[in-house]
Amino acid sequence: MNRRKSVAAVSTVAALAMTLAACGSSSGGGSSSSAAATSASASASASASDSGGGATGDPIVLGTTLPLTGPLGVFGPPIQAGYEQAVAAINAAGGVDVGGTKRPLKLVIKDSKSDPTVVTSTTKSLITDDQAVALLGSVTPPLTIPFSVVADQEQIPAISSLTPTLAWKGASAAGWKYAYDVFVDEVEQTAVNFQASDLVENNKKVYLFTDTEEDGKAMGGLWEQQASKYGYTIVGRSNFPPGTTDFTQFVQKAKDSGADVVIAQIIPPDAVALWKAMKALKYQPKTAWPEKAGTVGFNQAVGPLAEGASVFGWWAPKNGNEGGQAVYDANKAQFGDGLGTACVIAAYAMVQIMADAITRAGSTEPDAINTALAATKDLPTVLAKITIGPDHRAVTPVNAVQWQGDAQPIVWPADQATAKMLAPVPGLAP
Amino acid sequence: MIGSPKRIGSGIAVWLVILGVLLYLPGHIGRGPQEILLNLLIWIGLAQAWNIIGGVGGQLSLGHSVFVGAGGYTLAMMMIKGGLSWPLAVIGGGLLSALLAWFLALPLLRLSGVYFTIGTSAVAIIALGWMVTWDWTGEARGLNIPLDALPSKTLKFQLIAFLAVLCCVVTYLILHSSFGLRLMAVRDDEGAASALGVSPRGVKAKAFIVSAFLTGLMGSTIAINQASIEPYSMFNLRWTVTALVMVIVGGMGTVWGPVIGAFIIYYLVDRSLQDQPVIQALLSGVLIILVISVAPDGVVGLARSAWAKVRGMRDSGDGDQQEPLTPGVVAHA
């Protein structure tokens, strides 16, 4: 009888755990819902077929697994929008030319729940169940790397953005065979924090907060390496696993070090906790960088504390892109005047690159697309002009943006700047 | 062994036939069905391994994610840092998990009931916390196994099929052994079993170690299947909770319960409703509560009751008595 009671108790807890986990992940993203996940496939397919624009052949299936829910859920909707808009635009223009036949694109989207294991299973499902001939990626190394591993395993071409390229490259010792990454190079990205901090007077002391994920590890090392080159000194560094909620002791150490510059490589929920801890401990640096976390929805997550938080950016009107401003203007109202809309642009460009490769391949055979993708050179896209290198990376230009109100104007470099950098960080004023 | 050798032999023969069919399938079915079946086999192996300690032994461990992670990480480390081949690494994954279980059994099996469950879940949480900060194993970044060192798709499927069937055969043999009888006696009444000369802690420790060994083997196949592993996935409590739910839904302490439970939870609920995450989760929860309240012996128990009624028996208790090595026998008696 006791055993029955124990089984019932544990089972009830298990049932609750499973239910709560799903409810939690469904709302974790803040700007996403399960409805978005479930309707994604249907809406994308509809956009592909409804706007065929004269496309005649069978649809070409592009598959993607996005963090529509979970801790990285803020990134899912803008990426989804970018993919859907690009597919709709290409189909409206007649589809993709494959060996003289215009064929529409069909986009299939699955929710990865921000979970690398789910990324693996859903990516395989896109290939085996949905017959995707090419894959489109999501965001950050923890999701992009398992996605790329499946692409190499299954020998299906896959292209990602919004994933710093060196951390991604380092995950495959033998080099990626079917996977590609189009984004910034961390050496250039980590230099931006110092170069942009030079815009304001500061004591050149830097404190680092880095998590133990790929990019936290890689970029933390790069900031340490590059600081002296730009005249800065790293006075302290706190490492912590993702999911850390109490930053009090780390912030106290940073405050005691007297650092005027704070750089954090951190996931969104952790950045919220870090910013609140800095505010609570009355630590107001001259410049503060919640990298990765500060990109999308940071102002909604921390409210007025976001004011003055700076982040590296990856798109500017004058960075050599073609048609980027139109996509930016069309999405600014929904995804904000800043990096949320830049996510849309990055995703949009991935479809353009893949469509171009399919046309040049003249076939939907994965190997032919892969060969064409590797040969991509000087391709004008809405993100920038794209050339894929022998290591399957295409490095895009980098800049710095700062939260000012609900927008993220570019503050560095000077020739692209649309606003002046605010300092010390207004949102962290005691 | 309990039961006639002929009966046990025919039971094993059934599993060998199933294994033969599974080994033949790669290349003869589509990629999609093969992928679904592969994942189902992984879940069957995990659920069956948990069933040994949780169902047959009655010790509701929530710490088996430690053995999934240990198996996967041992395989990855042996292949990446040790340069060993995957067959050796798979065995290494199982052995290290068994060794870990041997150490953990010392403190954990001093606990019983809900305290054991809490203790094992604490171990799982500690292990995850350790792994995300352990530099040698890649911290939260995890490990990426070189693809050219991994088995082909066909071989991978056959390996997973073999190990899943192995888990089922081991459970079958335990249920038909004197060890299994002692284990069930301890599960149903530890005091009475002890009075009859059974060492409860020793019996439970052996079951815990065997269960961990099999879980470690399955964990290593998960690493082979994913190629890219990191601690949040490999040490996630989800492995244990899902396996537990599969066993409860299918029927605790039976050989076919975990197989049926894995099919229901993985295929019918998880896979078929993957585009409906909230409905999926709610259905899982409702299903467990329904099973606990309506059919506490799971689908297998329900089927046995139905079969007993068909045969005109008065209640399922009579039916159970004809199967002396099924769960609940001592409790019913």
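Laboratory data are not the source of any read-out in this text; all were calculated from the coordinates shown. If you're wondering where the values come from, they're calculated on a predicted model, not measured in any experiment. Every residue, glycine as well, gets a Cβ built from its backbone with ideal geometry; the counts of neighbours run over all protein chains shown.
The angle between the Cα long axis of helix B:277-294 and the main principal axis of chain B comes to about 30°, on a 0 to 90 degree scale.
Between A:K377 and A:Q334, take the C-beta separation as r, use R0 = 30 Å, and let me know the FRET efficiency to the nearest 0.05. Step by step, r from the Cβ atoms, then E = 0.35. Report, in listed order, any pair from A:K276/A:K420; A:K255/A:K276; A:K205/A:K286; A:K110/A:K385; A:K124/B:K156 with a Cα-Cα distance greater than 20 Å. Over 20 Å apart, Cα to Cα: A:K276/A:K420; A:K110/A:K385. Computed packing ranks the peptides A:352-365, B:67-80 as B:67-80, A:352-365, most packed first, by mean other Cβ atoms within 10 Å. Report summary: the helix-based calculation at 222 nm, which adds -39500 (n - 2.57) for every DSSP H run with n ≥ 4 and divides by the residues of chain B, gives -22500 deg cm²/dmol. Cα centroid separation, the stretch B:214-263 to the stretch B:136-187: 9 Å. Ordering of A:71-81, B:194-204 by packing is A:71-81, B:194-204, highest average first (other Cβ atoms within 10 Å, averaged per residue). For the stretch B:5-237, the fraction of C-alpha pairs more than 31 angstrom apart is 24%.
Rounded to the nearest Hz, the phi-derived 3J(HN,Hα) couplings of the stretch B:178-186 under the Karplus curve 6.51 cos²θ - 1.76 cosθ + 1.60 (θ = phi - 60°) are 5, 4, x, 5, 5, 4, 5, 5, 5, where x marks glycine and proline.
Add -39500 (n - 2.57) for each DSSP H run of 4 or more in chain A, then divide by its residues: what number comes out at 222 nm, to the nearest 500 deg cm²/dmol?
On the way: 14 runs with 191 residues, N = 430.
Taken over chain A, the calculation gives -14000 deg cm²/dmol.
Averaged over the residues of peptide B:38-49, the number of Cβ atoms from other protein chains lying within 10 Å of each residue's Cβ is 0.
What FRET efficiency comes out for A:D367 versus A:K204 if R0 is 41 angstrom and r is the Cβ-Cβ distance? Round to the nearest 0.05.
Approximately 0.20, to the nearest 0.05.
For the peptide B:263-276, the mean number of other protein chain Cβ atoms found within 10 angstrom of a residue's Cβ is 2. Note on B:K153/B:L173: beta-carbon distance plugged into 1/(1 + (r/R0)^6) with R0 of 25 Å gives a FRET efficiency of 0.25.
In a simple Cβ point-charge model (Lys, Arg +1; Asp, Glu -1; nothing else charged), the stretch B:5-237 has a dipole of about 480 debye relative to its Cα centre.
The simple spin-label model puts a point 7 Å past each Cα toward its Cβ; for B:S199 and A:K282 those points are separated by 6.4 nm. Check cross-link reach from A:K318 to the aspartates and glutamates: straight Cα distance under 14 Å, and skip same-chain residues fewer than eight apart. Straight-distance partners of A:K318: A:D415.
For the pair B:R110 and B:V286, label points projected 7 Å from Cα toward Cβ lie 4.5 nm apart.
Remark: mean inter-chain Cβ contacts per residue of B:225-238 equal 6, using a 10 Å Cβ-Cβ cutoff to other protein chain atoms. If the chain linking A:K420 and A:K318 were pulled fully straight, counting 0.36 nm for each residue of separation and taking away their Cα-Cα distance, it would gain 35.0 nm.
Relative to the longest principal Cα axis of chain A, at what angle does helix A:76-92 sit, 0 to 90 degrees, rounded to 10? The answer is roughly 30 degrees.
Cross-link partners of A:K169 among lysines, defined as those whose alpha carbon lies under 19 angstrom from its own and excluding same-chain residues fewer than eight positions apart: A:K177, A:K217, A:K292.
For the Cα trace of chain A, dividing Rg by the Kirkwood Rh returns an Rg/Rh value of 0.99. In terms of the mean number of neighbouring beta-carbon atoms within 10 Å, the peptides A:276-282, B:27-33 order highest first as A:276-282, B:27-33. With an a/c value of 1.5 or above and a/b not larger than b/c for the gyration tensor axes a ≥ b ≥ c computed over the alpha-carbon atoms, the stretch B:198-295 is described as oblate.
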